[in-house]
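To start, the structure under review is shown below, and the notes come after it.
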Amino acid sequence: MAYSDKVLDHYENPRNVGVLDKDDPNVGTGMVGAPACGDVMRLQIKVSEDGVVEDAKFKTYGCGSAIASSSLVTEMVKGKTLDEVAAIKNSEIVEELALPPVKIHCSVLAEDAIAAAIADIKAKREEQSTVKASA
Amino acid sequence: MSTLNIPIYLDYSATTPVDERVAKSMAECLTLQGNFGNPASRSHPFGWRAEEAVEEARRNVAELIGAVPKEIIWTSGATESDNLAIKGAALFNQKKGKHIITMKTEHKAVLDTCRQLERDGFEVSYMDPMENGLLDIEAFKKEIREDTTVVSIMHVNNEIGVIQDIAAIGAITREKGIIFHVDAAQSPGKVAIDVDEMNVDLMSLCAHKVYGPKGIGALYVRRKPRVRLEAQIHGGGHERGMRSGTLATHQIVGMGEAFRIAREEMTAETARMRVLRDRLWNGVKDMEEIYLNGDLEQRIPGNLNISFNFVEGESLIMSLKDIAVSSGSACTSSSLEPSYVLRAIGRNDELAHSSIRFTMGRFSTEEEVDFTIEKVREAVEKLRELSPLWDMFKDGVDLDSVEWAHH
């Protein structure tokens with residue numbers, strides 16, 4: 001199967017590979033997928049006090065399209081507010097990377113990773129506010 | 001000084017290039033100046049010459065497997081041979097019984113043929129291999145029933161290269177009067193074959209894994225004791241009525257020449273393959289978390305099937321873009337399932353998803369192997385840097401204890 005140039009570019013030069021401190025109160029971590037299914041994505045976002053994504057990192061176990069999808073997502077989320085990030089749809093990833101039908105699940109997984117990272121940071125923030133409120 | 005031709009072909013178990021000598025012999029059977037006649041034409045020398053060439057090829061194929069030429073039936077390839085052998089023997093003997101035994105690690109040409117027979121009212125036992133990929137002979141004996149008529153076990157596995165003990169199985173089936181079919185698509189020229197010593201009744205062969213052309217194969221059909229088949233393709237009664245259709249002289253001549261060369265060069269070639277195979281394995285085996293799939297000794301030289309844990313096979317293949325190998329993992333084939341062969345030998349899904357098959361052949365060189373070692377090490381290191389599973393492994397997390405969100 002031939003890969004699109006964009007998939008190859010992200011695969012060969014993945015952007016924002018790495019790890020953020022998952023215990024940092026400003027970091028949201030989303031890990032989705034399963035080794036048995038052949039792909040696992042970990043997306044981490046660092047969010048400012050006013051809800052803007054300042055940094056993003058990923059690591060992915062999976063096929064080239066999965067790696068490219070997560071690399072692309074780290075670029076897409078930076079500088080956006082959490083609401084804007086939450087509005088990112090997998091179809092945008094499919095379009096940008098020209099993913100064939102058999103690889104659409106990779107983009108779905110990337111969307112799930114975004115949702116999981118947002119849920120994590122929101123849970124952390126809620127916990128903090130309860131801590132602050134009760135203090 | 002030889003130079004490296006990129007991409008490097010290390011997928012000889014998928015198919016082989018046609019040997020120059022084979023191509024030449026085939027080209028001589030096509031044009032007006034060549035041997036183009038219909039081997040079935042009895043009324044003129046064009047037909048006689050073609051028939052002579054076909055019979056010489058038949059002798060060459062027979063000789064490599066210790067058969068007599070009359071026992072060789074030309075087909076379009078191993079898939080057709082498997083179909084003809086299993087369906088033909090099962091249907092012919094259905095009054096005696098309707099039970100077939102095979103293995104889970106067989107090629108799809110055998111498994112899907114058995115599935116079709118199940119739809120037609122046959123019962124099939126699919127034996128699990130042992131962890132090394134080999135058939136458990138004791139378990140096999142217990143599986144045999146009064147109504148078992150056909151046993152089909154492959155000689156060399158296409159994915160992991162392990163060699164089944166055909167002689168041991170043949171001794172049992174002969175004693176019980178069961179027809180024994182062997183899919184030997186992968187073995188000619190790599191392992192010695194003697195259908196008499198091994199007590200094989202039916203054997204599927206093909207040319208394109210032995211430096212012959214695609215589209216031609218053969219079925220060995222034993223004459224003493226005689227094995228009878230119900231034909232699957234009907235027509236002009238060619239090949240003793242077992243497989244009708246005009247014989248493709250150039251294809252047959254190509255297969256004959258390929259098998260002749262295989263017989264002559266097998267000893268030297270297998271020794272050379274073994275050196276290359278060991279060189280490749282020695283070049284990577286010290287890497288962390290890699291697993292050899294299938295027995296290292298009971299295996300054809302030239303095959304290495306390795307799982308690189310925490311790295312997904314398809315992306316590894318993508319990284320190895322200068323090397324043509326195949327993966328048992330998801331996505332490369334049309335199915336999204338990991339290799340059923342690796343699952344059958346007990347590899348978990350992760351390891352099955354992480355496997356690469358390297359198969360070397362006649363035109364492989366030490367330089368190619370050295371280049372491959374370097375590229376594999378680089379690619380695995382790069383992908384592990386990208387892999388969250390590798391991080392977790394390094395942090396001592398037991399991946400089996402993690403609750404994964406299956407999707």
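Computed from the coordinates by the stated procedures, all read-outs in this text should not be read as laboratory data. Here the structure is a predicted model, which means the values were calculated and not measured. FYI the Cβ positions are ideal-geometry reconstructions off the backbone, even for glycines, and counts take in every protein chain you see.
Odds and ends about this structure:
- Radius of gyration over Kirkwood radius for the protein assembly as shown, both on Cα atoms: the Rg/Rh ratio is 1.08.
- Under 29 Å from the Cα of B:K285 - lysines, other chains or at least 8 residues apart: A:K59, B:K104, B:K190, B:K209, B:K321, B:K375, B:K382, B:K394
- Partner shielding of A:54-66 amounts to 6, given as the average count of beta-carbon atoms from other chains within 10 Å of each residue beta-carbon.
- Contact order normalised by residue count of chain B, Cα under 8 Å, 6+ apart, percent: 21 percent
- Nearest-0.05 FRET efficiency for B:T15 and B:M287, computed from C-beta distance (R0 41 Å): 0.90
- Peptides B:318-324, A:109-115, B:15-21, B:27-33 ranked from most to least packed by the mean count of surrounding Cβ atoms within 10 Å: A:109-115, B:318-324, B:15-21, B:27-33.
- Approximate spin-label separation B:R279-B:I137, in nm, with each point projected 7 Å along Cα-to-Cβ: 3.6 nm
- Cα centroid separation, the stretch B:187-213 to the stretch B:1-46 (Å): 19 Å
- Ratio of Rg to Rh over the stretch B:213-276 (Cα coordinates, Kirkwood Rh, two decimals): 1.12
- Inverse mean reciprocal Cα-Cα distance (Kirkwood Rh) of chain B, Å: 22.5 Å
- Chain A: angle of helix A:64-77 to the longest principal axis, Cα-based, in degrees nearest 10: 40 degrees
- Modelled label reach - B:A27, point 7 Å along Cα→Cβ, the stretch B:37-79 residues with backbone N closer than 19 Å: B:37
- Using the Cβ-Cβ distance between B:H234 and B:R115 with R0 set to 22 Å, the FRET efficiency from 1/(1 + (r/R0)^6) comes to roughly 0.40.
- Couplings for the stretch B:174-181, taken from phi via the Karplus curve 6.51 cos²θ - 1.76 cosθ + 1.60 with θ = phi - 60°, read 4, 4, 8, x, 9, 6, 10, 9 Hz in order; Gly and Pro are left as x.
- Under-5 Å amide H pairs with B:N293, H placed in peptide plane, nonlocal only: B:N305, B:I306, B:S307
- Amide H to amide H distances under 5 Å link A:A56 with A:K46, where only residues 5 or more positions off or on other chains count and H is placed in the peptide plane.
- Each residue of the stretch A:5-128 gets 89 Å³ once the volume of the Cα convex hull is shared out per residue.
- Label-to-label distance, nm, for residues given as A:E54 and B:D147 (7 Å Cα→Cβ offset): 7.5 nm
- Pair A:V102, B:D165: separation of 7 Å Cα→Cβ label points (nm): 3.9 nm
- Helices in chain B, meaning DSSP H runs of at least 4 residues, each add -39500 (n - 2.57). Divided by all residues, the mean residue ellipticity at 222 nm is -12000 deg cm²/dmol.
- Of interest is the spacing of the C-alpha centroids, which for the stretch A:39-96 and the stretch B:345-407 amounts to 25 Å.
- Residue-wise HN-Hα coupling along the stretch B:79-85, computed from phi with Karplus coefficients 6.51, -1.76, 1.60 (Hz; x: Gly, Pro): 4, 5, 4, 4, 4, 5, 5
- Per-residue Cβ neighbour counts within 10 Å put B:E106, B:E385 in the sequence B:E385, B:E106, beginning with the fewest.
- Annotation: for a label point projected 7 angstrom from Cα along Cα→Cβ of B:M130, residues of the stretch B:273-314 with backbone N closer than 20 Å are B:292-301, B:305.
- The peptide list B:163-175, B:113-125, put in order of mean Cβ contacts within 10 Å with the highest first, becomes B:163-175, B:113-125.
- Expressed to the nearest 5 percent, the antiparallel share of DSSP beta bridges inside chain B is 55 percent.
- If you plug the beta carbon distance of B:E367 and A:E127 into 1/(1 + (r/R0)^6) with R0 = 56 Å, you get a FRET efficiency near 0.40.
- Shielding by partners for peptide A:105-118, expressed as the average number of C-beta atoms from other protein chains within 10 Å of each residue's C-beta, is 1.
- Per-residue HN-Hα couplings for the stretch B:56-66 [Karplus 6.51, -1.76, 1.60; θ = phi - 60°; Hz; x = Gly/Pro]: 5, 4, 4, 4, 5, 5, 4, 4, 5, 10, x
- Across peptide B:314-325, the mean count of Cβ atoms from other chains lying within 10 Å of each residue's own Cβ comes to 3.
- Average projection area in nm² (convex hull over Cα atoms of the stretch B:1-153, one quarter of hull surface): 15.3 nm²
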